[in-house]
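So the structure is just underneath, and the comments pick up after that.
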Amino acid sequence: MMENREKWMRVRIRLIGFCFILAFGFIVARAFQLQVVGQDLWAEKAVRQHQKTIALTPQRGTIFDRNGESMAVSVEVDSVYIEPNKVSATSRTAKALAEVLSMKRSVVKAKLQAKKSFIWLKRQVTPRESELIRALDIEGVRFIKEHRRYYPNSEIGAQVIGFTGLDPKGLEGLELEYDNLMLGRGGYLVMGRDALGRGLLNSSDDQIQAGEKGRDLYMTLDKNLQYIAEKELARAVSESNAKSGTAVVLDPRTGEVLAMSSQPDYNPNAFFKHRPGDWRNRALCDSFEPGSTIKVFLMAAALNEGVINRRQKINCENGSIEVSGKIVHDHRPYSLLTPSEIIKFSSNIGAYKIGRALDRNRYYNYLRDFGFGQKTEIGLPGEVSGLIHQPTRWFDVDLAAISFGQGLTVTPLQLATATAAIANGGYLMAPYVVEKIVDSYGQVTMKQQPRIRRKVISSEVADQVRDMMVRVTEKGGTGMLGAVPGYRVAGKTGTAQKVDPVTGGYSVDKSVSSFVGFVPADDPRLVILVLIDEPQGKAYGGLVAAPVFSRIANQSLRYLKVMPTEKATVPVLNTIADLIEAPIQPPIYDIRVSGVEMPQMPDFFGMSYRQVMQVMQKSGLNIKLKGTGRVIAQSPDPGRPISYGNEIWVKLAPAS
């Protein structure tokens, strides 16, 4: 019995010893895991427990023009924060801070009374505000350096460059398109924490960890050319009392955008003081009917296909011809005109006959080859593609209208790029506005090279069309006021009525005036497009837009030191009628009866109120609903086109 008791005692001792060994082994393994394997993790957690980080504004990269001139920079400014537990939250203190910072006293007082150890009072204050606050010498009010976006040239290039918010994330233009590359990595304000996790400002642990600057952008824009374009465009919009305007300057050899201006403009340093419409880059965000400028590309297509030749005569029917029950007019009664004279005098009837000879399918394909109806992919936000309907939907009246620039829409950038293809011998170049991107170490991470998208026409045809465009700016042409003394200028005028959004037809008093051309004609350095939207008075392109082209070209050529090649003479204008390239009366082409698709009325009969609402949401139609239940009547009838300005309604009644 004693032996059994001793035996059991030894078993218990061994069991307890084994448990101790097992527990000790677990403790050793856990300690190894915490102190060796997970050392970095727990060290980081320990740091986070006694440190607090506050993100600071990152330093964005700089935007330069092609010559290295700064167009957008990030400058160091003071941001003001407070330690509410150290500030005397009196009405007097709140009033003094509110007056200096242009803030509401109630907002300032609420921040002073906050139960926090750190709170922003106002970020990115002006130097004057910083100076005045420092002069107040208030305990607990402190400063830290952050970066604020600044545009040293104010309005110059604003719609291309864009602007940033307080973050500072890009909100428009290049600032938005290249935001990820330019934003950089923000720094941090690191402060100590107490046992309750509250920040301890001005402790020994306080430090500012610097971030990394974003990448720099070098644009193709030239600040001086941009200034010239903006100055002359603003003058023209003001003098003609126009709604808006656009100017584009390209290098036809490379596709580089040298200037791109829109009016009205805005100051990106105070963008919030301007209407959002002023931020728009109208050169690529807006589309318009090109009017007679499209005749250049019609002529190029017809010559390239061999359906006409330079010497043949085309009967222009003494200024009037019937097309599918509609009358096409010329501004003067012409009989027989050569293709060159059709361009010079801008004959609509001659353009229609060339379009009919070319055939709608070939004409459509050439328009697409010239880049119309598709985005240029320039690398700026908001670009639209314009509109060209499929040729299967063109009736004879559509072909006539599109031959002289109605019934299709293009962007100013598309029109300038297509004209550059005439200027450079037939090559459609891809336009671009960013030349290169450089990182914070000075290394070039991206460099844009000129890129040919396609060969559109032969160089021989391009030369022939160029010579025709030169005659436009010579005596008797519609673009005489686009001439530049000392240089041969190739150009084309355009005037197009605008669509009235209420009636759905063409307005009788609202139009778009344009002029596009290149200079010097024999060795083109610049393609320039000028567009004036809704000028008042005589709104012809040769009268309103051509002089702007001339002034921009003249100053730009002198700036680029391009030597004159001709005797400096200016064509004599005998009468304003010489500059008219379109009929004064409304055009024959009405979008309500053309190939342009109008929305059709769905069949709502028998639908419930909810089902009608679902169809409205999908189709975008604004329909007036009368009654409840299910649809028993509607206007227009199912399948009928919906005209602008007409009331659309459905009548519902409970089921009987």
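Contact map, region 203-231: residues that are over 14 Å from GLY184 (Cα atoms) and modelled with pLDDT of 65 or more paired with residues that are among the acidic types (Asp, Glu) and outside any loop (DSSP other than H, G, I, E, B), Cβ distance under 7 Å, separation 6+ or inter-chain. Pairs shown: TYR218/GLU435; MET219/GLU435; THR220/GLU256; THR220/GLU435.
Of everything listed in (1) farther than 26 Å from ALA351 by Cα; (2) touching a strand residue (DSSP E or B) at 6+ places or on another chain (Cβ under 6 Å); (3) modelled with pLDDT under 95, the single unmet condition for PRO501 is (2).
Considering region 68-146, the qualifying helices (runs of 4 or more DSSP H), each wholly inside and each with 3 or more residues that are under 23 Å from THR57 (Cβ atoms) and of a type in the set (A, V, I, L, M, F, W, C), run over 91-101.
Against the test of being in the same structural domain as THR293 (by TED's automatic domain parsing), farther than 14 Å from LYS243 by Cβ, of a type in the set (A, V, I, L, M) and free of Cβ contacts under 8 Å to residues at least 40 places away in the same chain, the options VAL489, VAL519, VAL527 yield a single qualifying residue, VAL519.
For every residue, the table says whether it meets (1) surrounded by fewer than 16 Cβ atoms within 10 Å (Cβ to Cβ); (2) touching a strand residue (DSSP E or B) at 6+ places or on another chain (Cβ under 9 Å); (3) not small (Gly, Ala, Ser).
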| site | (1), (2), (3) |
| --- | --- |
| SER335 | yes, yes, no |
| PRO339 | no, yes, yes |
| TYR352 | no, yes, yes |
| PHE372 | no, yes, yes |
| ILE388 | no, yes, yes |
| PRO391 | no, no, yes |
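For region 259-313, a tally of residues being more than 30 Å from MET71 (Cβ to Cβ) and touching a Ser or Thr at 6+ places or on another chain (Cβ under 8 Å) returns 14.
Considering every residue within region 398-410, establish whether at least one is free of Cβ contacts under 8 Å to residues at least 12 places away in the same chain, in a helix (DSSP H, G or I), in the same structural domain as PHE297 (by TED's automatic domain parsing) and more than 30 Å from ASP522 (Cβ to Cβ). No, region 398-410 contains no residue that is free of Cβ contacts under 8 Å to residues at least 12 places away in the same chain, in a helix (DSSP H, G or I), in the same structural domain as PHE297 (by TED's automatic domain parsing) and more than 30 Å from ASP522 (Cβ to Cβ). Summed over region 434-471, the residues that are in a strand (DSSP E or B) and of a type outside the set (A, V, I, L, M, F, W, C) give a count of 7. If you go through region 79-109 and keep only what is under 40 Å from the mean Cα position of the chain (by Cα) and among the basic types (Lys, Arg), you end up with LYS104, ARG105. Out of all the residues in region 270-286, is one or more outside any helix (DSSP H, G or I), closer than 29 Å to TYR364 by Cα and in contact with a helix residue (DSSP H, G or I) (Cβ under 6 Å, 6 or more places away or on another chain)? Yes, that holds for at least one residue. Among the residues of region 417-465, those identified as within 15 Å of VAL519 (Cα to Cα), of a type outside the set (Gly, Ala, Ser) and in contact with a helix residue (DSSP H, G or I) (Cβ under 6 Å, 6 or more places away or on another chain) are ILE422, VAL465.
Counted as qualifying within region 489-553 are the strands (runs of 3 or more DSSP E) with 3 or more residues that are closer than 14 Å to VAL470 by Cβ, namely 490-499, 506-519. Quick check, is THR473 surrounded by fewer than 21 Cβ atoms within 10 Å (Cβ to Cβ) and either touching a strand residue (DSSP E or B) at 6+ places or on another chain (Cβ under 7 Å) or closer than 29 Å to LEU181 by Cβ (or both)? In short, no.
Output yes when any residue across region 69-84 is at positive phi and at pLDDT 85 or above, and no when none is. No.
The residues listed here are ILE452, ILE457; of these, the one that is buried (at least 24 other Cβ atoms within 10 Å of the Cβ), out of contact with any Asp or Glu (no Cβ under 7 Å at 6 or more places or on another chain) and among the aliphatic types (A, V, I, L, M) is ILE457.
Here is a yes/no grid of residues against (1) buried (at least 23 other Cβ atoms within 10 Å of the Cβ); (2) basic (Lys, Arg); (3) outside the structural domain of VAL544 (by TED's automatic domain parsing); (4) within 30 Å of TYR178 (Cα to Cα):
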position	(1), (2), (3), (4)
ARG253	no, yes, no, yes
MET260	yes, no, no, yes
MET299	yes, no, no, no
ILE308	no, no, no, no
GLN312	no, no, no, no
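Within region 67-78, restricting attention to residues that are touching a helix residue (DSSP H, G or I) at 6+ places or on another chain (Cβ under 9 Å) and buried (at least 18 other Cβ atoms within 10 Å of the Cβ), the residue that is nearest to MET219 (Cα to Cα) is MET71. Against the list (1) on the phi < 0 side of the Ramachandran plot; (2) surrounded by 15 or more Cβ atoms within 10 Å (Cβ to Cβ), the condition PRO127 fails is (2).
The values are calculated or read from the model by the stated rules, or taken from the named source; none is laboratory data. What you see is a predicted model; the values in this text were computed from it and never measured. Quick reminder, even Gly has a Cβ in these numbers, built from the backbone with ideal geometry, and neighbours come from all protein chains shown.
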